[in-house]
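**Student:** Got a structure for you, questions after.
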Amino acid sequence: MSSVFRSRTARITLSNLSPGPNSQHAQKRLGRGQGSGRGGTSGRGHKGQKARAGNGKPKAGFEGGQTPITKRFPKKGFVNPNRKVYAPINLDRIQHWIDQGRLQSSPENPITARELLLSGCIHNVHDGIKLLGDNAPFLKTPIHITPSRASQSAIKAVESVGGSVFCQYYNPLALRDCVKSRSDRISAAPTRRTDILWYTNWRNRGYLSPEAIEKNPKVEERWKELSKQLLSFKDQTFDSKGVKKM
């Protein structure tokens, strides 16, 4: 007759808790005689910067007191904190991806940064997508695309074959939501003057221009109100003293 053995595990309580094996070590006792192995200089050696009390490590770039290399080299130019790096995409590459069946578009489902990234047409969205018109004669298929920026030659080439371009503003959070296909958050509107002027201009195919509001099949109700608010400065008049007339 076979016997059944059951392993009984004691219930864990505060009374039987203990540190894990080898998780605790005795503190090193320095300066307690030569027999301990750490007496005399306490493991620091004789003299020098690293033997002094309270020294620690010098900061990165410290060269012992001489002028560091970061100060010896001349400085030129500046770094623009408002710069944006766009991922360029040319029309011939989009046509090649369409011929392979890796991209498709329609007025209701235009090509966005998400489709370009997932299809491998681009490898990084950076601060947005910029559509360029290089090798425009190779474009034969009408495409509908929503980049962040587009050159004038690209806009002309896309519309000449029956496609459409509507440039939409994306801040970093809105661009991430576009790539992740999230629609539960309201995308940000342009706030800088240069962005407002750019995205409300139909020449740039800005999505907040009155012409784009009428022609874009995917227009949102919020964009209509934004377009009116951002373009209201054109109807404002001022007197000779610079005071706005009501």
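The values are calculated or read from the model by the stated rules, or taken from the named source; none is laboratory data. Keep in mind the model is a prediction, meaning the values are calculated, not measured. Note: ideal-geometry Cβ built from the backbone for every residue, glycine included; neighbour counts use all protein chains shown. When the accessible area is computed, the model is the full protein with side chains, heavy atoms only, and any ligands, DNA or RNA have been set aside. Shrake-Rupley method; radii C 1.70, N 1.55, O 1.52, S 1.80 Å.
**Student:** Going highest first, how would you order 227-234, 81-88 by mean Cβ packing within 10 Å?
**Tutor:** Output ranking for 227-234, 81-88: 227-234, 81-88.
**Student:** For the pair D184 and N80, what calculated FRET efficiency results from E = 1/(1 + (r/R0)^6), where r is the Cβ-Cβ distance and R0 = 41 Å, to the nearest 0.05?
**Tutor:** It comes to 0.80.
**Student:** If T141, T146 are ordered by their accessible area, calculated over protein heavy atoms with a 1.4 Å probe, which sequence runs from highest to lowest?
**Tutor:** Final ranking, largest accessible area leading: T141, T146.
**Student:** Past the 30 Å Cα-Cα mark, which pairs from K130/K234; K75/K180; K71/K130; K59/K130?
**Tutor:** Pairs exceeding 30 Å: K75/K180; K71/K130; K59/K130.
**Student:** Counting only heavy atoms of protein chains, what accessible area per residue, in Å², does the chain have with a probe of 1.4 Å?
**Tutor:** 74 Å²
**Student:** Between the alpha-carbon centers of the stretch 15-53 and the stretch 171-223, tell me the distance in whole angstrom.
**Tutor:** Cα centroid to Cα centroid, the span is 63 Å.
**Student:** Provide the FRET efficiency to the nearest 0.05 for the R29-T70 pair, computing r from the beta carbons and using R0 = 41 Å.
**Tutor:** 0.50
**Student:** Right, here's the next one. Would you compute, from DSSP H runs of 4+ residues alone, the mean residue ellipticity of the chain at 222 nm, taking -39500 (n - 2.57) per run and dividing by the full residue count, rounded to the nearest 500?
**Tutor:** Taking each H run of at least 4 residues, the total per residue is -6500 deg cm²/dmol.
**Student:** Compute the Rg/Rh shape ratio of the chain: radius of gyration over Kirkwood radius, all on alpha-carbon atoms.
**Tutor:** Ratio value, two decimals: 1.31.
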